[in-house]
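The values are calculated or read from the model by the stated rules, or taken from the named source; none is laboratory data. Because the structure is predicted, anything quoted here is derived from the model rather than measured. Here the Cβ is made from the backbone with ideal geometry for all residues, glycine too, and neighbour counts use every protein chain on show.
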Amino acid sequence: MKRVLAIPYLLWMVVFVILPISFMIYYSFNDMSGNLTLQNYAEFLSSNYLKMTLNSFWYAFLITVITLLISYPLALVISRLKHKTFWLLIIIIPTWINILLKTYAFIGILGINGVVNTIFETIGLTQIQLLFSDFAFITVAVYIFIPFMVLPIFNSINGINKNLISASYDLGASKWETLTRVIFPLSLEGVKSGIQITFIPALSLFMLSRLVAGNKVVTLGTAIEQQFLINENWGMGSTVGVFLILFMVFVMLATRTKKESV
Amino acid sequence: MTEIRLQNIHQYFDDAHILKNIDFTFSEGKFYTILGPSGCGKTTLLKIIGGFVNPTSGDLYFGDKKMNDIPANKRQVNTVFQDYALFPHLNVYENVAFGLKIKKVSKSERDERIKEALRFTNLTDFKERDIESLSGGQKQRVAIARAIVNEPDILLLDESLSALDHNLRVEMQYELKELQQKLGITFIFVTHDQEEALALSDEILVMDRGHIVQAGSPKDIYDEPLNRYVADFIGESNIVEGEMLEDGKVSIYGRAYECVDGGVKRGTPVEVMVRPEDIILKPAGEGHLNVTVDSILFRGVHYEICVLDEDGYEWVIHTTQRSEEGKKVSIYFDKENMHIMVPGEKEEEFNERLESYEGIL
């Protein structure tokens, strides 16, 4: 019976996970005319792509750190509020809106005739080019990832036994010491999940970078898009994809929890 | 040095009146137990002393110092929580070290004090262990070690033994009592277990719905309960309606008995309590009341025998004497073992009354 129940999931895994990844790996060893080759890998390890990789990591790192710095205090505050579920809902609602819509909204806000510049103008400041910069890219990415970071952190903070916090005060710890010595270490699992859920997609953001950052930000995501849609070099695109998967596996391993490793 | 004084403490949570005018002084170095059913406010009282709850009104003093606005982390009080509240991300040693690290105690002194606390609680071999790998009794001891290593003036214990199985609980009771005597600091222990309260305490506070009903030594409370509530809560009891005839004489079911209580107006309706273990079975006709044995339960240390008297009232007896169901016997109790309670009497009136005829009757 159990095996029968597992069949649809197995099928799903084969069709939507195993086959596509196999195809991708296969394509990554093909050149543009379909001959088997290691050329793509050699090219990836050349300076151009390595620079792009570093760039991707750097932006993903910045996005993750800033998202974390905003989300942790936010999750902490929400966990102390009376109507936590309501406030959490407020944070979550934006995730129901299509990411493309949100991005266009930001274009409206940050554009040269957008809200921010209008305000600047009214108070006598000069208009500045906000869009098509790495500032805009990071701002929008952070905005998009905040709910995904807040949720796991909130859950782990909310799950901490209240008596542990009392015990910390009881033993003489101040609020700050309680935060750093008890609450933070005990919410680390949530922080790790939040980092995974932010860092990994942030590595391969391409639509955002196209729409908000123009050509200022070149990441692995934009490289894949470029290879598939413009150069039509599926082999090279797949190779970048393979490396992206490897990086993700690496990040997952680096942030995995103790219990999983046992 | 550190006497704890509660003055007219009231506590409301929303509309619920949890503590009603609590007025009590804990003197230093004694083992106190706050005893009461769940919801009587005993844990709230403990939290007020610990600094986790701010009383709605009334004052809390440690010695001469008013403590109302002093936060928990600035009080010389440590708590052993009901669920122990050990930090799961730290091992035994680090848990015990927590308070000392916060207080920036030097490494050498810290090591010394932790070693001592672990030795005190028989945990020396466990110091590197993870909290999760410990048994209930070991966790309990870590919680105690973590508290006493800070050398508090007052140790609060919140239902700290209730999660343990019976044998371990009895063992921990001995250890706690011994610990308190060695440390010489004030222990305030909260429990709903009357046996525990009797075994451990220098003084018991019996609470009911936000009031301290009666406070006194275990023996006082057991032998001279203020009212039916205390008598029932501490131990088992036979309580019968009576009427005071004069000092030293009470009538029960129309029969006059000699007793050792007085100070009550003639004709006052009273309740007479006799503990089940104070009743002696005698052959029919030789005791106070002729009864028929209704049921017998073997309890291990004693038999619990239910008898019905001629008026149909039930008496419970704890005895090692054997009997049989349906047998006609009689029951007898010494006048010293009859305790007269006046319904509605306040603790102060009760104590005055006891003092008024002490040594006279």
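Sort out which residues of segment A:206-234 are of a type in the set (Phe, Trp, Tyr) and either in a loop (DSSP other than H, G, I, E, B) or within 14 Å of chain B (Cβ to nearest Cβ) (or both), and write them in order of number.
If we filter segment A:206-234 for residues that are of a type in the set (Phe, Trp, Tyr), which is where we start, we get A:206, A:228, A:234.
Within segment A:206-234, A:Phe206 is the sole residue that qualifies.
Considering only strands (runs of 3 or more DSSP E) fully contained in segment B:1-90, which possess at least 2 residues that are within 14 Å of another protein chain (Cβ to nearest Cβ), of a type outside the set (S, T, N, Q) and within 24 Å of the chain's Cα centre (by Cα)? Reasoning before the result, please.
Values: elements: B:4-13, B:16-26, B:31-35, B:57-62, B:77-80.
Filter on segment B:1-90 gives B:77-80.
Of the numbered conditions (1) in contact with a Gly (Cβ under 9 Å, 6 or more places away or on another chain); (2) closer than 16 Å to A:Pro185 by Cβ, A:Ser168 fails exactly one; give the number of that condition.
Single failed check for A:Ser168: (1).
Quick check on B:Val316: is it of a type outside the set (Asp, Glu), surrounded by 15 or more Cβ atoms within 10 Å (Cβ to Cβ) and under 16 Å from B:Ala231 (Cβ atoms)? Full working, then the answer.
Working: of a type outside the set (Asp, Glu): yes; surrounded by 15 or more Cβ atoms within 10 Å (Cβ to Cβ): yes; under 16 Å from B:Ala231 (Cβ atoms): yes.
When the stated conditions are applied, B:Val316 passes them.
Looking at B:Thr25, B:Thr2, B:Thr43, which is the one that is within 23 Å of B:Glu195 (Cα to Cα) and of a type in the set (Ser, Thr, Tyr)?
On the way: B:Thr25 fails: within 23 Å of B:Glu195 (Cα to Cα); B:Thr2 fails: within 23 Å of B:Glu195 (Cα to Cα).
Testing whether each residue is within 23 Å of B:Glu195 (Cα to Cα) and of a type in the set (Ser, Thr, Tyr) leaves just B:Thr43.
Please give the number of the condition A:Ser187 fails out of (1) touching a residue at least 24 places away in the same chain (Cβ under 8 Å); (2) more than 14 Å from chain B (Cβ to nearest Cβ); (3) among the hydroxyl-bearing types (Ser, Thr, Tyr).
Against the list (1) touching a residue at least 24 places away in the same chain (Cβ under 8 Å); (2) more than 14 Å from chain B (Cβ to nearest Cβ); (3) among the hydroxyl-bearing types (Ser, Thr, Tyr), A:Ser187 comes up short only on (2).
Output yes when any residue across segment A:26-43 is modelled with pLDDT of 85 or more, closer than 22 Å to A:Ala202 by Cα and surrounded by 11 or more Cβ atoms within 10 Å (Cβ to Cβ), and no when none is.
No, that holds for no residue.
Please count how many residues of segment A:158-172 are under 17 Å from B:Tyr84 (Cα atoms) and either more than 7 Å from chain B (Cβ to nearest Cβ) or outside any helix (DSSP H, G or I) (or both).
Looking only at that region, the number is 8.
Hey, A:Leu203 hits all of (1) away from chain B (no Cβ under 14 Å); (2) crowded, with 20+ Cβ neighbours inside 10 Å; (3) under 23 Å from A:Phe145 (Cβ atoms); (4) modelled with pLDDT of 90 or more but one; which does it fall short on?
(4)
If a residue must be part of a helix (DSSP H, G or I) and either touching a residue at least 40 places away in the same chain (Cβ under 8 Å) or out of contact with any helix residue (DSSP H, G or I) (no Cβ under 6 Å at 6 or more places or on another chain) (or both), how many such residues does segment A:79-115 contain? Don't jump to the end; show me each part of the working.
Within segment A:79-115, the first condition is being part of a helix (DSSP H, G or I), and the residues that meet it are A:79-80, A:84-96, A:99-110, A:115.
Among the residues that remain, those that are also either touching a residue at least 40 places away in the same chain (Cβ under 8 Å) or out of contact with any helix residue (DSSP H, G or I) (no Cβ under 6 Å at 6 or more places or on another chain) (or both) are: A:79-80, A:84-86, A:88-96, A:99-108, A:110.
Residues flagged as part of a helix (DSSP H, G or I) and either touching a residue at least 40 places away in the same chain (Cβ under 8 Å) or out of contact with any helix residue (DSSP H, G or I) (no Cβ under 6 Å at 6 or more places or on another chain) (or both) within segment A:79-115 amount to 25.
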